[in-house]
Structures are given as C-alpha cells and as structure tokens.
1. When the residues of region 209-230 are filtered to those that are surrounded by fewer than 16 Cβ atoms within 10 Å (Cβ to Cβ) and touching a Phe, Trp or Tyr at 6+ places or on another chain (Cβ under 9 Å), which remaining residue is nearest to Leu69 (Cα to Cα)?
2. Within region 1-33, which residues are out of contact with any Pro (no Cβ under 9 Å at 6 or more places or on another chain) and among the charged types (D, E, K, R)?
3. Kindly provide the set of residues from region 109-136 that are touching a residue at least 12 places away in the same chain (Cβ under 8 Å), surrounded by fewer than 16 Cβ atoms within 10 Å (Cβ to Cβ) and under 19 Å from Pro160 (Cβ atoms), ordered by number.
4. Look through Val9, Val26, Val50 and report the one residue that is aliphatic (A, V, I, L, M), free of Cβ contacts under 8 Å to residues at least 12 places away in the same chain and farther than 24 Å from Gln149 by Cα.
5. State all residues of region 18-72 that are under 30 Å from Leu232 (Cα atoms), at pLDDT 90 or above and surrounded by fewer than 20 Cβ atoms within 10 Å (Cβ to Cβ); if no residue qualifies, say none.
6. Looking at region 73-108, which of its residues are touching a strand residue (DSSP E or B) at 6+ places or on another chain (Cβ under 6 Å), over 14 Å from Leu47 (Cα atoms) and buried (at least 20 other Cβ atoms within 10 Å of the Cβ)?
7. Condition test on Ile139, is it β-branched (Val, Ile, Thr), closer than 23 Å to Val65 by Cα and at pLDDT below 95?
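The values are calculated or read from the model by the stated rules, or taken from the named source; none is laboratory data. Computed from a prediction, not measured in an experiment: that's the story for all the values here. A quick note on method: Cβ atoms are made from the backbone with ideal geometry, for glycine too, and the neighbour counts reach across all protein chains shown.
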Amino acid sequence: MIEKPQSFVVREECEKAAWQHGFRRVLGERDGWAGFGSTTAQGTIWLAAVGKQGPWFLALDHAGVEAELGLAPADIPGPGIARHAFDKLGALYTVLPRLYQLAASLPDAPLHAFQTKVAGMPRTTEAERLVVQRIGQDIFRAGLMDYWQGSCPLTGITDPALLRASHIVPWAECGSDAERLDVHNGLLLSALWDAAFDRGLVTFNDEGEPQFSQTLSDVARAELRWHKPLPLTERHRAHLARHRAQFFDRCAT
C-alpha cells in the first residue's frame, strides 16, 4: 500500500528525483502519487512509495515508451497507462534519464517544436523555404541526439562533430512534416556511415544488421566497422523497409 498522503521525506525524494531528471513542473499529489511534467518533454510522470525505504513506484502516460525502457508492469492501481516498481531509489534513478530522453523525442514533440518556431514565417521564395527546412533539420538532429543518447549506435562514437542526423526516408520524399521530424524516421550515424546510408550503399534489415551494396568496394566495406546491430522499433523497421525498397542501391548506380 503506497503512503498517502506522502510524508515529508517521500515527497522530498520524489521531487528531487523528478527535478534532477528534467521533470521540473510540480503538478501536485493525488492519492499518494506526486505528479511532474516538463516544458521540454511530453507527458506526465507520477512518483510514489510505500515509505522512505521504498519500494518506489513510477507511473507513466507515455504510450509506447514502456517497451523501449524494458520495464515490467507493476500490479498496482494508480494514474497513467502503466506503472512500474523499484525496490530501491537508485533503481528508479537509472530509468529516469532514459525516460526523459524518450519523452523529449516522442514523434509529435519535434513536430510541435517545429510548428511553434516557424509559425508565421514566410515560405514564398526558395531562400525562405530553405530557412524553414534548416530549422526543421536542426530540431530533427536535436531529437535524434536525445533519442540515441548522443552516440552512434553502430560504432559508439560520441563526438558531436562526427555525428549526422540521417533520415531513413529522405526529407524531400516524406509526405508530411510529421514524418520528416519523426525520430523513428532517423538514425544518428557517424559521418562515414551516414554518407554510405545517404547514397544507398548500405541499408539495414529488421534485426538492425547492415546490408551492403554490391557496388561498395571491399576497402570501403572494411572501413564501415560496427560493434552491434541497431536497436530498432517497429516504426524504424517500417521506414527501413521503404529505404530498402526505394533507395538502397539506386543512388549508387
């Protein structure tokens, strides 16, 4: 049974955990659950505990995030669409940073940021359209940096200057701004991998393993080193299926 209302210690620990991980809007307590939001990430989280020694509980209303966090649901009533239990406060702390990154890069979060930033901007001339496109690409890159935690998932490279925001379905081929800005239509790749992917010299299968074009030289293939497959969601796989069908090998010929 969770503590309700929260004691001073539990309330302070919940606020500290939320504040340190980007959820800094205090939304109040309801039935022992303290709610928190963010100005930069979507959704609401709720934190609760049985007592100051735990166990601790996290409730979410972020659809689709639970699978990527790899958390088992807890059989406990409460707010949100999913709830999870942690024996120790430290275990909760290990989950919150990734939760914030995912919440900040949910499909419509970059789109909303883009629409807000370009509202009222002219798009009559080619130069004006390029300015709007650059704003969108910068927001898309920021979303990918959050989603992939600032690291190329193939190589582990973390130097920002060497990382590229790679569209799976190219910007010009997307049917809407929502698709252009969807982080699941993108990969954060090191510069060499990005060049090969953009030119259709490499793609990825549903397991996240590279597939190389027959036109790629043995030397180039040897330099495209990778340590592990891409961790993909179903939305990644859907976009990659289109990449394999429409863009793989075609740009290379």
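1. Step by step, filter region 209-230, then rank; the result is Pro229.
2. Across region 1-33, the qualifying residues are Glu3, Lys4, Glu12, Glu13, Glu15, Lys16, Arg24, Arg25.
3. Answer for region 109-136, where residues must be touching a residue at least 12 places away in the same chain (Cβ under 8 Å), surrounded by fewer than 16 Cβ atoms within 10 Å (Cβ to Cβ) and under 19 Å from Pro160 (Cβ atoms): just Ile135.
4. On the way: Val9 fails: free of Cβ contacts under 8 Å to residues at least 12 places away in the same chain; Val50 fails: free of Cβ contacts under 8 Å to residues at least 12 places away in the same chain.
The match here is Val26.
5. Trp19, Gln20, Thr44 - these are the residues of region 18-72 that are under 30 Å from Leu232 (Cα atoms), at pLDDT 90 or above and surrounded by fewer than 20 Cβ atoms within 10 Å (Cβ to Cβ).
6. So the first thing to find is which residues in region 73-108 are touching a strand residue (DSSP E or B) at 6+ places or on another chain (Cβ under 6 Å), and the list is 73-74, 76, 78-80, 82-86, 89, 92.
Subset that is over 14 Å from Leu47 (Cα atoms): 73.
Listed by number, the list is empty, since nothing qualifies.
7. Details: β-branched (Val, Ile, Thr): yes; closer than 23 Å to Val65 by Cα: yes; at pLDDT below 95: yes.
Against the criterion (β-branched (Val, Ile, Thr), closer than 23 Å to Val65 by Cα and at pLDDT below 95), Ile139 qualifies.
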